[in-house]
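Sharing a structure with you now.
The values are calculated or read from the model by the stated rules, or taken from the named source; none is laboratory data. What you see is a predicted model; the values in this text were computed from it and never measured. Reconstructed Cβ throughout: ideal geometry from the backbone, glycine too, with neighbour counts over all protein chains shown.
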Amino acid sequence: MAQKRKEKVKRETRRQAKLRRKERQRERLVLIGLGILVLAIILILGYGLLHQYVLAPRAPVAKVNGTPIPTAAFQRRLAYQRFLLQSQLQQWRELQQQLDPKGENPFITQQVNQLASQVNDIEGLSLQVLDQMIDEVLIRQEAEKRGITVTPEEVQQRIYQFFGYDPEAAKATPEPVTEPVTDTQAPPTPTPMTEEGFQKLYADYLQRIAKEAMGFSEEEFRQLVEVEILKEKLMKEVCKDVPTTEEAVHARHILIPIETPTPEPVGEGTPTPTPDPEQVKQAEEAAYQKALEIKKKLDEGADFAALAKEYSADPGSKDKGGDLGWFGRGKMVKEFEEAAFALKPGEISEPVKTPFGYHIIQVLEKDPNHPRDEAEVKSDLENCFREWLAERRAEAQIERHWSVDKIPPQLRQPARVRP
């Protein structure tokens, strides 16, 4: 009996050992499976983080003739542009609270609504920013071809202007007062910004954009200033044929209107009758004869300015003795322009008929190379450069890889601006 019992115990022990081996194998397989699963999760998360923080930011959002625009740079620029719009919106809202709390001023309301729309249309803004960055690459490429450069000193000077700092004024020493102070002295001149004041203002601005514009850096800010100066220099080179002077005359005139009687309407809802041709003819003749009388007085030596103040119907010039200032071709109606440019300095025209009536014109000065209006020249230069840039854009090899995913999640949230 004892022998049988021992054999039975041995068989159970072998069976238990075999079961334990199988259990350990299962546990090992489970642990291996869990390890593989954890490793897979780590790899997936790691790749996601690698893609989000390393690969995606370095991947270009566009390429311009082979030059990449990194996604991270695009995102920071987008954040900076939105920051600028938010700042403008805040300023307009504060102005509205001060001047128009009830929202009755249509101009202020329009500005506020327009800026608010731009701030919250992040997709539209992102496309605008991408277009700007593409144009800036084209500008840099063309400037490099033409040997156009910008020095660090030029960038610094422009930054001074941006913040309203004049280093020379800050260094100037006030002249000692040698005359006694009186009750009627002129108001004090505003104190110029000091270098310390500028440095603090500049540092505060850089700190603010770094915080509110996804780390937009001082280097990126200076690059923006640099490309703006490059654009100005390139514009002068590309658009050097835009005229800055023109043939112009300095003239004055006396306007005698044709006072045609206006017929009374026959009844409500009926068309207004046309003036009687005979009455029109009589009115024209009366105006012409009046103009001839004034011309005769001028020929006899009467003062032009005095007669203009007395007889001219032009409200914009009569109180100035009829003086129209300088003007070039294309600024006046055809009949007036032809008569004025045909006169010599000092000459007075016969009555000249235009849609406004009869004019008596005297040319005071003529200049074949008179400086054009600065605003007009600037507008023509900008139009010229815009057309040139559009041509370069059409010729360039531009790859766009923009998608909504390129917009950072924090910028997709509605803008928070104090009401």
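Conditions first: (1) surrounded by 14 or more Cβ atoms within 10 Å (Cβ to Cβ); (2) at pLDDT below 95. PRO414 passes all but one, so which condition is the exception?
(1)
Here is a list of conditions, (1) within 18 Å of GLN132 (Cβ to Cβ); (2) in a helix (DSSP H, G or I), and LYS211 meets all of them except one; can you say which number that is?
All conditions are met except number (1).
Considering only segment 296-316, I want to know if a residue exists there that is surrounded by 13 or more Cβ atoms within 10 Å (Cβ to Cβ), on the phi > 0 side of the Ramachandran plot and assigned by TED's automatic domain parsing to the domain that holds HIS250.
No; the residues of segment 296-316 include none that is surrounded by 13 or more Cβ atoms within 10 Å (Cβ to Cβ), on the phi > 0 side of the Ramachandran plot and assigned by TED's automatic domain parsing to the domain that holds HIS250.
Okay, moving on. Pairs, please: C-beta under 9 Å, at least 6 apart or cross-chain, first residue within 30 Å of LYS344 (Cβ to Cβ) and in segment 366-385, second part of a helix (DSSP H, G or I)?
Correct list of pairs: LYS366/PHE341; PRO371/VAL377; ARG372/ASP380.
OK, next. Across segment 308-335, what is the number of residues that are part of a helix (DSSP H, G or I) and in contact with a Gly (Cβ under 8 Å, 6 or more places away or on another chain)?
Selection size over segment 308-335: 2.
Here's the yes/no breakdown for (1) among the aliphatic types (A, V, I, L, M); (2) modelled with pLDDT of 80 or more; (3) part of a helix (DSSP H, G or I):
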position	(1), (2), (3)
GLU23	no, no, yes
VAL61	yes, yes, no
GLN75	no, yes, yes
LEU85	yes, yes, yes
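Continuing with the same structure: If you go through segment 89-121, how many residues are in contact (Cβ under 8 Å) with a residue 12 or more places away in the chain and either touching an Asp or Glu at 6+ places or on another chain (Cβ under 6 Å) or assigned to a loop (DSSP other than H, G, I, E, B) (or both)?
Matching residues across segment 89-121 total 1.
Taking the conditions exactly as written (free of Cβ contacts under 8 Å to residues at least 40 places away in the same chain, under 20 Å from TYR311 (Cβ atoms) and not polar (S, T, N, Q)), does VAL352 satisfy them or not?
Working: free of Cβ contacts under 8 Å to residues at least 40 places away in the same chain: yes; under 20 Å from TYR311 (Cβ atoms): yes; not polar (S, T, N, Q): yes.
Yes; evaluated as a whole, the condition is true for this residue.
Another one. If I ask for residues that are in contact (Cβ under 8 Å) with a residue 40 or more places away in the chain and not hydrophobic (A, V, I, L, M, F, W, C), which ones from segment 386-418 would you list?
Listed by number, the residues that qualify are ARG392, ARG393, GLN397, GLU399, ARG400, HIS401, LYS406, PRO408, GLN410, ARG412, PRO414, ARG418.
For segment 121-150, how many residues meet the condition of being surrounded by fewer than 16 Cβ atoms within 10 Å (Cβ to Cβ) and either modelled with pLDDT under 95 or of a type in the set (Asp, Glu) (or both)?
Looking only at that region, the number is 4.
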